[in-house]
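S.K.: Handing you this structure, nothing more for now.
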Number of protein chains: 2
Amino acid sequence: MGNIPSIKPTESELEILQILWQLGKATVRQVNNELSKMKEVGYTTTLKLLQIMHEKHIVSRTEEGRYHLYQAEIGEEQTQQLLLGKFVDATFRGSAMKLVMQALGNQEVSLDELDEIKKLIAEKEKNLNL
Amino acid sequence: MGNIPSIKPTESELEILQILWQLGKATVRQVNNELSKMKEVGYTTTLKLLQIMHEKHIVSRTEEGRYHLYQAEIGEEQTQQLLLGKFVDATFRGSAMKLVMQALGNQEVSLDELDEIKKLIAEKEKNLNL
DNA sequence: TTTTATTTACGAATGATTTCGTAGCAAATA
DNA sequence: TATTTGCTACGAAATCATTCGTAAATAAAA
């Protein structure tokens, strides 16, 4: 889990990563079950994707008797950071500010969450003032 | 420019949309010139993309003498909203909050911008308290 | 007028991603 | 033991996005 991810996972890969981040280690079967809650997907499709991800070192795996246990090799926050950067560039021409404004303006955010954000902003302001 | 965009523009299409949003109306040549500032790209590649986007009704075009003037048919904010929603779901499992925290935490945001965000938060809080 | 340049249209190659069928093994079950 | 079930490996088809070459038409330049 050390490497900074420079490779961008594809959409399907990201779906699988989400599952692995939640489950920790998981068999193909488990991943496929989770995936099936969201969409129709054949078992060997999931298997193949995990194999490809393994080749790319996005996931590691250990043999546990007859099956393989897969585990994310790239961190969740790290990956979110990478994807966020690219997304901001592509969609908001690099302006994180505009993205935040739109997210706050139109997505669901609760009062408590707004408080948390205020705290973070206070922190940031402190640092910027140094 | 009325329709809510339900189709997700591809990455290349988004690059072109960014240009059209800035230029308003533009010829293939103009779009290609802008694109060329960012990367190597053949003229007919740009042309083809615009034609495809036209088929998909992402852009409209008017004949102006010998050439065509292209124009975005989907709005910038509208599209950002759509993409943002999908991105939050795919990358932050639907939590706009987490996205905002990461964006504020790690992307470049200035003091003035933080102020603006504070104002927006104040607004939101007012509305939520009603 | 003839040549050159610029434009659109279009088909097709390339490349990446996703999906799935089949085969080969090993374990569980009848 | 024989059969069925469940697993991995792998190739290849299907889909989608991107890139570009060529042709035809028209305008501009020589």
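S.K.: Please count how many residues of the stretch B:3-47 are out of contact with any Gly (no Cβ under 9 Å at 6 or more places or on another chain), in a loop (DSSP other than H, G, I, E, B) and farther than 17 Å from B:R66 by Cβ.
M.R.: The initial filter retains those residues of the stretch B:3-47 that are out of contact with any Gly (no Cβ under 9 Å at 6 or more places or on another chain), namely B:3-4, B:6-20, B:22-31, B:33-47.
Then keep just the ones that are in a loop (DSSP other than H, G, I, E, B); that gives B:3-4, B:6-10, B:24, B:27, B:39-42.
Filter again for farther than 17 Å from B:R66 by Cβ, leaving B:3-4, B:6-10, B:24, B:39-42.
Result for the stretch B:3-47: 12.
S.K.: Among the residues of the stretch A:9-26, are any in contact with a Lys or Arg (Cβ under 8 Å, 6 or more places away or on another chain), open to solvent by 80 Å² or more (accessible area, probe 1.4 Å) and at pLDDT 95 or above?
M.R.: no
S.K.: Given the criteria within 14 Å of DNA strand C (Cβ to nearest atom) and either aliphatic (A, V, I, L, M) or surrounded by 18 or more Cβ atoms within 10 Å (Cβ to Cβ) (or both), does A:I74 qualify?
M.R.: Values: within 14 Å of DNA strand C (Cβ to nearest atom): no; either aliphatic (A, V, I, L, M) or surrounded by 18 or more Cβ atoms within 10 Å (Cβ to Cβ) (or both): yes.
Against the criterion (within 14 Å of DNA strand C (Cβ to nearest atom) and either aliphatic (A, V, I, L, M) or surrounded by 18 or more Cβ atoms within 10 Å (Cβ to Cβ) (or both)), A:I74 does not qualify.
S.K.: Here's a follow-up. Which ones in the stretch A:104-120 are buried (at least 18 other Cβ atoms within 10 Å of the Cβ) and closer than 14 Å to B:A103 by Cα?
M.R.: Listed by number, the residues that qualify are A:L104, A:I117.
S.K.: Let me ask another. For the stretch A:90-104, what are the residues that are more than 7 Å from chain B (Cβ to nearest Cβ) and assigned to a helix (DSSP H, G or I)?
M.R.: The answer is A:K98, and nothing else.
S.K.: Now for a separate question. Out of B:S95, B:S60, B:S36, B:S6, which single residue is open to solvent by less than 80 Å² (accessible area, probe 1.4 Å) and at pLDDT below 95? First the steps, then the outcome.
M.R.: Numbers: B:S60 fails: at pLDDT below 95; B:S36 fails: at pLDDT below 95; B:S6 fails: open to solvent by less than 80 Å² (accessible area, probe 1.4 Å).
From the options B:S95, B:S60, B:S36, B:S6, the qualifying one is B:S95.
S.K.: With respect to B:Q30, determine if the residue is of a type outside the set (A, V, I, L, M, F, W, C), open to solvent by less than 30 Å² (accessible area, probe 1.4 Å) and over 30 Å from A:I74 (Cα atoms).
M.R.: Working: of a type outside the set (A, V, I, L, M, F, W, C): yes; open to solvent by less than 30 Å² (accessible area, probe 1.4 Å): no; over 30 Å from A:I74 (Cα atoms): yes.
So B:Q30 does not fit the description; no.
The values are calculated or read from the model by the stated rules, or taken from the named source; none is laboratory data. Every value quoted in this text rests on a predicted model; they were computed, and no experiment measured them. For neighbour counting, all protein chains shown are included, and Cβ atoms are generated from backbone atoms with ideal geometry for every residue, glycine included. The accessibility values were calculated without ligands, DNA or RNA, using every heavy atom of the protein model including side chains. Shrake-Rupley method; radii C 1.70, N 1.55, O 1.52, S 1.80 Å.
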